[in-house]
Amino acid sequence: MFDPTVARLTYRGLLGRRRVFLLSGLPLLLLVIAALVRATVGADDAVTANLLTGFGVATMVPLIGVIAGTGAIAPEIEDGSVLYLLAKPLKRPTIIVSKLIVAIGVSVVFTAVPMLLAGFVLNGNSGQLAVAFAVASALASVAYSALFLLLGTVTRHAVVIGLVYALIWEALVGSVVPGARVLSVQQWGLSLAERIAADGTGVSSSVGPVAGVVLLVVVTVLGGWFAGRKLRTLSPQAGEA
Amino acid sequence: MNTPNTPPDARAAGTGAPAGVAPGTGDSAASIHDIGYRNYTGRRLGGGYILRSLLVQTLRGVYGLGRSAKSKVLPMCLFAVMVLPAAIVVAVTVVTEASDLPLSQSEYVLTMQPVIGIFLAAAAPQAISLDLRHRTTPLYFSRPLERSEYVTAKYGALAAALFVFTAVPAVVLYAGALLAKLDFADQTGNFALGLVMCALFSVLHAGIAAAIAAHTPRRGFGVAGVIVAFTVPYFLVSALQGIAWDQDALGVTGWIGLASPGSLMDGIQATFLGGGSTFPGGRTPPLGEGAVYLLLTAALIAGSYFLLLRRYRKAGL
């Protein structure tokens, strides 16, 4: 189910050239802001939770998910080179699983590690906040990767739709409209952060940890499975008309 | 404005030479054989005409006019999403018989920023990156079209498209306010300020989006770049302002607001255009800070224009 060559190609496509700047820009920004806030405000649990939720989980994690998830497959479909990959004697689900694993790996590394570092910079992991947010963003990254990989196989406008979903739904609707929160990857990830973090640190989620993890697993598996199905019947189209 | 190079009859009347012989060379041996093709004797339209055509063409293209039905779906849907809430606001005002619109035109623009961001992210790469992708820019520059004229046409078209996008709901709000028999002078003043806001908003945002879109031939990168450039700083500013508010450091929120185009517009409309700011605590930046906001906006507009000019300096691209 895992093909090292496909994985290597995907990995090089993801971290090649300009994408690596795009991927590392946001985590660097988070760390810089964290350092600035620590220097001016000092260690404070509420501020830490506020910043890591508002900028970290609501903005950075979905964006990295979009870049890694769609970047793993969408460019190949767009420029038609996916045909050469599909022509190899590999099962389509194998291709998807390999690409998904790479996308998950890349997005987890680029979200969980900076979140952990930012957490330590901001308040030295007091109240287990750094660990909590690192776990939350790692889990959310897994689901986002599967979701956006699926999106990459379904539509040629994967990046646009993914960004709209990530920024409008997750960051705006998911933070404001109470009912929509239950259907937001961000909240599922935060459910575990709420469990890990000490009480009274201001980390809250609208779903329970068990439900959150179950939903994350369901979305990831379904997304991967459906992307595999989709790749079977993929008909490459010409470029933008 | 576009004087013809040669008036239609000048040649024939002047020398009596057969059409096709370049004027001035007479009938020496160095003449081109006249094999009977007709010359173009119409008006020669210069760069100004191309600029206007390119502007109109781009403006229409942004809304999908003159393109396939599929290209019309996204801009038209977004346009509907942009205008509908204005109609709802008007309906609520009429039904509740309120004495004023629940939110002014300039506040409306700021509220609808996510929709505007998506519209611009779809429009700018379509209008600008695709010329690079399909290598049509050298064709444009092989015409009597200056680099600055190309940039002006593209930038202007994008800004105009965005102005239409933001000003139509403002007109809807104004019309609704008049229909609800709100105070005429009040509403007209607000409307005028709202239009100023729309214009400033359009020019600033179109400039940033155009500068980003011009630096990549890939549509996907352009879209992602534009959305990220507008939203990430905005969320960052909101998060930092929230922290400053928690720390009772209200004075800092104004300076933090300089860091994103959205909050920049917010500060300007709060200071100069009589709207309420969405900064924490509803704080209005004082006049001094407001001037810095204006200066930075002007610098950003000029900066994106010069960035565009510099981008097209190399003809090969």
Report the full-extension gain for the segment B:A299 to B:Q247: residue separation times 0.36 nm, less the Cα-Cα distance, to one decimal in nm. 15.6 nm
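Could you give me D for the protein assembly as shown, from Stokes-Einstein at 25 °C and 0.890 mPa s, where the hydrodynamic radius is the Kirkwood radius over C-alpha pairs? Units µm² s⁻¹, please.
Details: Rh = 26.2 Å.
So the translational diffusion coefficient is about 94 µm²/s.
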In chain B, which helices (entire DSSP H runs) extend 20 Å or more along their own long axis, judged by Cα positions, while averaging at least -0.5 on the Kyte-Doolittle scale? B:47-62, B:69-96, B:147-179, B:184-213, B:219-246, B:287-311
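Ratio of alpha-carbon Rg to the 2.2 N^0.38 Å globular estimate for segment B:158-317, to two decimals, please. Could the numbers behind the result be given before it?
On the way: Rg = 17.7 Å, N = 160, 2.2 N^0.38 = 15.1 Å.
After normalising by residue count via 2.2 N^0.38 Å, the value is 1.17.
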Below 20 Å, Cα to Cα, which lysines can A:K99 reach? Residues fewer than 8 away in the same chain don't count. A:K88, A:K91, A:K230
Work out the mean other chain Cβ neighbour count within 10 Å for the residues of A:209-218 and drop it here as an integer. 0
Just to be sure I understand the curve: with the Debye formula and one point per C-alpha of segment B:74-165, what is log10 I(q)/I(0) at q = 0.15, 0.17 Å⁻¹? -0.70, -0.81
Take the Cα gyration tensor of segment A:72-124, multiply each eigenvalue by 5, square-root it, and list the three semi-axes largest first, rounded to whole angstrom. 35, 12, 5
Name the longest site-free stretch of chain B, where the excluded sites are trypsin sites (Lys or Arg not before Pro) in a DSSP loop with no more than 11 other beta-carbon atoms within 10 Å. B:182-312
Once both label points are put 7 Å beyond Cα along the C-beta direction, the A:A198-B:L45 separation in nm becomes 7.3 nm
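Report, in cubic angstrom per residue, the convex hull volume of the C-alpha atoms of chain B.
Values: hull volume 60.2 nm³, N = 317.
Once divided by residue count, the hull of chain B is 190 Å³.
Keeping every protein chain present and rolling a 1.4 Å probe, give me the accessible area per residue for the protein assembly as shown in Å². Don't skip to the answer; put the middle values down first.
Details: 25650 Å² over 558 residues.
For the protein assembly as shown, the per-residue accessible area is 46 Å².
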Calculate for chain B the 222 nm mean residue ellipticity that helices alone would give, adding -39,500 (n - 2.57) per DSSP H run of length 4 or more and normalising by residue count, nearest 500 deg cm²/dmol. -22000 deg cm²/dmol
Log entry, pair A-B: total buried accessible area, probe 1.4 Å, protein chains only, in Å² rounded to 100, is 2300 Å²
For segment A:89-241, projected area of the alpha-carbon convex hull averaged over all directions, nm²: 10.5 nm²
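The values are calculated or read from the model by the stated rules, or taken from the named source; none is laboratory data. For clarity, every value in this text was computed on a predicted model and none was experimentally measured. When we count neighbours, we look across all protein chains shown, and the Cβ atoms used for this are built from the backbone with ideal geometry, even at glycine. To get the accessible areas, we keep the full protein, side chains included, count just its heavy atoms, and leave off ligands, DNA and RNA. Shrake-Rupley method; radii C 1.70, N 1.55, O 1.52, S 1.80 Å.
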